[in-house]
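Colleague: Got a structure here, written out as structure tokens. Questions coming.
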Amino acid sequence: MQPKRQNIGRRTNADKRKREERKNEIEEETAQRNEGNRLHLSYLHATLSSQQHEARNEANRVRVRELRQPLSISDRNGQCDVAIVNYAGK
């Protein structure tokens, strides 16, 4: 597993170089780069087995369901208590 990024939200030198390259490329180069990206992704999706596809879709459904699920009353009260303690501690 890759290590966590320490600089999320910050622009790195590599990021700045890539932005500059993309800014300076002509329309044909942009179209060619986009086409290469599209072909690469379509190849990845084509080689994915139906079981892998279903597993990925199910994982996404579970993740979205959990994100959309509202907090229970006890969770809300717990968050409120934590906020009060944090405020009182200041």
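Colleague: Filter region 6-21 down to the residues that are assigned to a loop (DSSP other than H, G, I, E, B) and either in contact (Cβ under 8 Å) with a residue 40 or more places away in the chain or under 24 Å from Arg33 (Cβ atoms) (or both) and list them by number.
Modeller: Listed by number, the residues that qualify are Arg11, Thr12.
Residues are listed down the side, and each one gets a yes or a no for (1) surrounded by 10 or more Cβ atoms within 10 Å (Cβ to Cβ); (2) among the β-branched types (Val, Ile, Thr):
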site: Gln2; (1), (2): no, no
site: Arg10; (1), (2): no, no
site: Arg19; (1), (2): yes, no
site: Glu27; (1), (2): no, no
site: Thr30; (1), (2): yes, yes
site: Leu48; (1), (2): yes, no
site: Ala59; (1), (2): yes, no
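Colleague: If we keep just the residues of region 22-55 that are of a type outside the set (Ser, Thr, Tyr) and in a loop (DSSP other than H, G, I, E, B), which is farthest from the chain's Cα centre (by Cα)?
Modeller: Ile26
None of the figures in this text is laboratory data; all of them are computed from the coordinates on show. None of the values given here were measured: they were computed from a predicted structure. Here Cβ is always computed from backbone atoms with ideal geometry, including for glycine, and neighbour counts include all displayed protein chains.
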